[in-house]
1. Measure nothing fancy, just the Cα-based angle from helix 39-52's long axis to the longest principal axis of the chain, in degrees from 0 to 90, nearest 10.
2. Mind checking the full-extension length gain between Met16 and Tyr112? Use 0.36 nm per residue of separation minus the Cα-Cα distance, one decimal, nm.
3. Report the one residue of Val73, Phe53, Gln113 whose Cα lies farthest in the direction of the positive end of the charge dipole of the chain (charges on C-beta: Lys and Arg +1, Asp and Glu -1; origin at the Cα centre).
4. So, in nm, how far is label Val73 from label Val89 when the simple model puts each one 7 Å beyond its Cα toward the Cβ?
5. Could you give the distance between the Cα centres of region 63-125 and region 14-38, to the whole Å?
6. Using only C-alpha positions, report the orientation-averaged shadow area of the convex hull of the chain, nm², one decimal.
7. Report the residue, chosen from Ala18, Ala69, Ala51, that carries the largest GNM mean-square fluctuation when the chain is represented by alpha-carbon nodes joined by springs under 10 Å.
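Taken together, the values in this text are just the output of simple stated rules run on the coordinates, not laboratory data. Just so it is clear, the structure is predicted and the values come from calculations on it, not from any experiment. Quick reminder, even Gly has a Cβ in these numbers, built from the backbone with ideal geometry, and neighbours come from all protein chains shown.
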Amino acid sequence: MRLRWLAGEPTYDDDMLADDVLVETPFAPPGRPTRIQGRQRVLEHTRAGRASFPVRFDDCRNIVVHETADPEVIIVEYELVGTHEVTGVQASAPFIAVLRTRDGLLAGWREYQHTVAIAAALTGS
C-alpha cells in the first residue's frame with residue numbers, strides 16, 4: 001500500500017481484493033461511509049476518493065506490524081505525511097489498520113484514523 005500511496009494511486013487494485021472485501025472506517029468524517037462492501041464498490045469509492053483528495057502523500061513512516069493469533073490478520077500502525085496541493089501545508093496523521101486476508105487476497109481493512117489531525121491539515125489550521 002505504501003508504494004501506491006506515495007505514487008498517488010488509489011489504495012487498492014482489482015487483483016488484490018476478495019469479491020466480498022469489507023472496508024470499514026468507524027471514525028469517518030460526517031458524510032463519508034463507515035462501511036463499504038464488495039470489490040467493485042470499494043474500488044469505485046477509493047478511486048473517486050483519491051482523485052478528489054487534495055493531498056499528495058510524501059511519506060508513510062513509523063510503520064509497525066503486529067502479528068495476531070489469527071494467521072490471516074495483522075494490525076498495522078503507520079503515519080502518513082502529506083502536502084496539501086492547494087495550500088502547500090504539510091502535515092501528518094497516525095493510523096491503525098486491522099487487515100484480514102483470505103486465499104492471498106485482502107478480505108477486510110478496518111482503519112482507525114486521527115480525524116482531527118486530518119481535518120486540521122485539510123483546513124490549514
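1. Result, in degrees: 10.
2. Net length gain for the segment: 32.5 nm.
3. Phe53
4. So the two model labels end up 3.6 nm from each other.
5. Here the two parts' Cα centres lie 13 Å apart.
6. 7.5 nm²
7. Among Ala18, Ala69, Ala51, the largest GNM mean-square fluctuation belongs to Ala69.
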